[in-house]
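Visitor: Please read through the structure below; I'll follow up with questions.
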Amino acid sequence: MNESIRRLLDQITALEDDLRQALSEQPSAVFFQIKGKRVEFEHSIKQAHKRLKRNFFYWLVSDRPQNLITGPIIYSMIVPLLLTDLFVSFYQMTCFPIYGIKKVRRGDYIIFDRQHLSYLNFIEKFHCSYCAYGSGMISYVSEIIARTEQYFCPIKHARKILGTHKRYARFLDYGEAENYQAKLESYRRALSNAD
């Protein structure tokens, strides 16, 4: 990778960090506080939320029928999601310490907080929890696989691919053979304090 690309990647990383920080500091239109794992709204907002909650039976008959029909298909995906989560977590737990790779924290990726929204009925909260688990778990698994790829093969593909993980842009160019073993070792050492 040439030096100008490396500088641009460093600038992008710094800008992404700045953006994340600015977004976390940005005042929300809705006033809430995070207390431990609990989200608490101002009393007036909480009361307004409760008034907006749709009755379950009204929701059931007024919601789109295709949602009810496809529900069993959607929720059957929990089996492969849980199995993937179980196997990948076991892999990380057993192999990452051996490789010297910092473990990925599940809690940074799988976050359940939508159940505190009192304007959702219990089925909507269940939907939100399912989606939070599914999308968070896929991100969690992606980061574990990305760290594994950085350890074993931090080389870009010859063809351009879509949807790469955040580590991919810093990988070695396809065919960049000079000092490959030394560069591979530096990639591996970097994983001991990976973020």
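The values are calculated or read from the model by the stated rules, or taken from the named source; none is laboratory data. The structure presented is a predicted model; accordingly, all values stated were derived computationally and were not measured. Here the Cβ positions follow ideal geometry from the backbone for every residue, glycine too, while neighbour counts run over all protein chains shown.
Every residue, every condition in (1) in contact with a Leu (Cβ under 7 Å, 6 or more places away or on another chain); (2) in a helix (DSSP H, G or I); (3) surrounded by fewer than 14 Cβ atoms within 10 Å (Cβ to Cβ), yes or no:
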site	(1), (2), (3)
Phe96	no, yes, no
Lys102	yes, no, no
Gln115	no, yes, no
Tyr130	no, yes, no
Gly134	yes, yes, no
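Visitor: Checking the condition buried (at least 18 other Cβ atoms within 10 Å of the Cβ) and within 17 Å of Ile110 (Cα to Cα), which residue from Ile138, Ile144 passes? If you could, list the steps in order and put the result at the bottom.
Guide: On the way: Ile138 fails: buried (at least 18 other Cβ atoms within 10 Å of the Cβ).
Criteria check complete, one pass: Ile144.
Visitor: Can you name the condition, by its number, that Ser186 falls short on among (1) without any contact (Cβ under 8 Å) to a residue 12 or more places away in the chain; (2) within 29 Å of Met77 (Cβ to Cβ); (3) in a helix (DSSP H, G or I)?
Guide: (2)
Visitor: Quick one: is Phe112 closer than 24 Å to Val39 by Cβ, among the aromatic types (Phe, Trp, Tyr) and under 22 Å from the mean Cα position of the chain (by Cα)? Working first, answer last.
Guide: Working: closer than 24 Å to Val39 by Cβ: yes; among the aromatic types (Phe, Trp, Tyr): yes; under 22 Å from the mean Cα position of the chain (by Cα): yes.
Spelling it out, Phe112 is indeed closer than 24 Å to Val39 by Cβ, among the aromatic types (Phe, Trp, Tyr) and under 22 Å from the mean Cα position of the chain (by Cα).
Visitor: Quick one: Arg147 ticks every box in (1) under 30 Å from Pro72 (Cα atoms); (2) of a type outside the set (A, V, I, L, M); (3) at pLDDT 90 or above except a single one, so which number is it?
Guide: It fails just one condition, (1).
Visitor: Oh, and also: Do you know which residues across the range 136-157 are in a loop (DSSP other than H, G, I, E, B) and out of contact with any strand residue (DSSP E or B) (no Cβ under 8 Å at 6 or more places or on another chain)? Quick ask: steps written out before the conclusion?
Guide: Taking the range 136-157 and keeping what is in a loop (DSSP other than H, G, I, E, B), we get 153-154, 156-157.
Selection gives Cys153, His157.
Visitor: Hey, another quick one. Taking the range 170-189, which residues are at pLDDT below 90 and under 14 Å from Phe96 (Cα atoms)?
Guide: None; the set is empty.
Visitor: Then there is this: For the range 147-163, which residues satisfy the criterion of being surrounded by 15 or more Cβ atoms within 10 Å (Cβ to Cβ) and either of a type in the set (Val, Ile, Thr) or more than 20 Å from the chain's Cα centre (by Cα) (or both)? Spell out how you get there, then give the answer.
Guide: Taking the range 147-163 first, the residues surrounded by 15 or more Cβ atoms within 10 Å (Cβ to Cβ) are 147-151, 154-156.
Selection gives Thr148, Tyr151, Pro154, Ile155, Lys156.
Visitor: Exactly one of these conditions fails for Leu120: (1) over 20 Å from Lys37 (Cβ atoms); (2) modelled with pLDDT under 90. Give me its number.
Guide: Answer for Leu120: the failing condition is (1).
Visitor: Which of the numbered conditions does Lys160 fail, given that it passes all the others? Conditions: (1) out of contact with any Leu (no Cβ under 9 Å at 6 or more places or on another chain); (2) over 27 Å from Arg38 (Cβ atoms); (3) part of a loop (DSSP other than H, G, I, E, B); (4) at pLDDT 95 or above.
Guide: Answer for Lys160: the failing condition is (4).
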